[in-house]
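Here is the structure we will look at.
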Amino acid sequence: MKIALAGFPRCGRSTLFHALAGSSRADTAKPLTVKVPDPRVDFLTEHWHPKSVVNATVSFTDLPSPAYGVRGMALLREASAVVLVLDNHTTGHLEENLRNSEAELILGDLAILEKRRDRLRKESKSGSREFVLIDRALTLLSQEVPLRKAGFSRNEQTELSPYAPASLKPLMVVSNRSGQGIEDETGAGMAAEAAGAAFLTIDAGLELELCELPEGERSEFLSDMGYSDSGLSRIIRSAYSLLDLVSFLTMGPDEVRAWPIPAGSTALEAAGTIHSDLARGFIRAQVIPYAVFRETPDEAALKKKGAVGLEGKDYVVKDGDILEIRFSV
Ligand SMILES: Nc1nc2c(ncn2[C@@H]2O[C@H](COP(=O)(O)OP(=O)(O)OP(=O)(O)O)[C@@H](O)[C@H]2O)c(=O)[nH]1
Ligand SMILES: [Mg+2]
């Protein structure tokens, strides 16, 4: 599940990449895997003092400049989601740059899908379901509608996935600024929302300075600058939700762990993520919602209250469910 950092030259992609890596020496040619901050994991770790702690992770790739050149486009197609960095530290023109980027994505998708439609025509498959779907996508693209706005079902998205349309990928627009930025972000934020994208602001340069300070000095530096939370945590958490993943949790004295699974996954699929044996021998999933455990961090007491669920294999796992899989093989 890679997230591509895209944007026009000098927008600050690499600065953001280095800040995410916590080091200006990180190699921008390689994907970077970062932990997703999760206060639930922190709480469970405090509670159990386990031998190991595993957070969910996301990985970022820094697209080379120009971001939408041939190599950049190939990397973009491999990505599951796109972070578009807009330069608000030196140039501004946020809405215009956002529009231009969207236009490039749309043009790229038009070219690929038109080729496919022609091919299907040649093979006399104009009546096929695939043809109808691609034709619908092309109609939208020619009206400059990015495919993420098309409301395609999960099945339709899967059918389109061989062509990896870039405008179908979830998008997060990040205005990268220093201090107040060159220009006001209200319009760009609204344009992003209209494009079906998330919108965030960050000061990548500041974040990079911050992560190179000793840990003890960071929060003082942040509050001196008038910030309360690290922008990186916001970016990582939103990137994670952009992927349409939820986390279920497992806990105990050995390990506390957050497991990413696609939203809508069942208890059986969650079990299979942990180990194939757990799916094969699945009996039941014991479920404690995190909020319930947070309130009363005592399994025995929760069982007595009847607050612990026992669910079958079709149960749809919710974000923050603490699971224990009962199985026999
Ligand atoms: N003041 C300030 N400068 C920044 C910020 N982000 C990036 N810069 C500066 O802008 C210039 C370009 O930043 P990079 O991170 O290299 O941008 P890039 O998008 O990777 O650029 P290319 O890969 O060359 O297209 C560098 O001189 C950075 O130091 C920021 O948030 N604040
Ligand atoms: Mg760069």
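The values are calculated or read from the model by the stated rules, or taken from the named source; none is laboratory data. The structure presented is a predicted model; accordingly, all values stated were derived computationally and were not measured. In this analysis, Cβ positions are derived from the backbone assuming ideal geometry, glycine residues included, and neighbour counts consider all displayed protein chains. To get the accessible areas, we keep the full protein, side chains included, count just its heavy atoms, and leave off ligands, DNA and RNA. Shrake-Rupley method; radii C 1.70, N 1.55, O 1.52, S 1.80 Å.
What full-extension length gain, to one decimal in nm, is calculated for TRP48 and VAL329 as 0.36 nm per residue of separation minus the Cα-Cα distance?
Full-extension gain reported as 98.4 nm.
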**Request:** Excluding residues on the same chain fewer than 8 positions from LYS149, give the lysines whose Cα lies under 17 Å from its Cα.
**Result:** LYS169
**For the chain, calculated [θ]222 nm from helices alone, where every DSSP H run of n ≥ 4 adds -39500 (n - 2.57)** = -13000 deg cm²/dmol
**Complete:** With +1 at each Lys and Arg Cβ and -1 at each Asp and Glu Cβ, the charge dipole magnitude of region 118-188 around its Cα centre, to the nearest 20 debye, comes out at 360 debye
**Request:** Check the straight Cα-Cα distances from LYS304 and name the lysines below 23 Å, setting aside those fewer than 8 residues away within the same chain.
**Result:** LYS318
**Message:** Need the C-alpha centroid separation for region 23-58 versus region 77-133, integer Å.
**Reply:** 33 Å
**Complete:** By the mean-Cβ-within-10 Å protection proxy, highest first, 297-303, 192-198 rank as 192-198, 297-303
**Item:** Surface per residue (accessible, 1.4 Å probe) for region 2-242, Å²
**Value:** 50 Å²
**Asked** Using a Gaussian network model of the chain with C-alpha springs under 10 Å, which one of ASN97, ASN176, ASN155 is most mobile by mean-square fluctuation?
**Response** ASN155
**Request:** Work out the charge dipole of region 74-233 with +1 on the Cβ of Lys and Arg and -1 on the Cβ of Asp and Glu about the Cα centre, then indicate which of ILE202, PHE131, ALA191 is farthest towards its positive end.
**Result:** PHE131
**Asked** Near the amide H of SER65, under 5 Å away, which other amide H atoms are found, from residues 5 or more places off or on another chain, if H is placed in the peptide plane?
**Response** none
**Message:** Give me the tail of P(r) for the chain as a percent: Cα-Cα pairs with distance above 34 Å.
**Reply:** 36 percent
**Fill in**
Measuring from its Cα centre, the chain shows a charge dipole (+1 at each Lys and Arg Cβ, -1 at each Asp and Glu Cβ) which, in debye to the nearest 20, is 1480 debye
**Request:** Report the accessible area of SER65, computed with a 1.4 Å probe over the heavy atoms of all protein chains in place, in Å² rounded to the nearest 10.
**Result:** 70 Å²
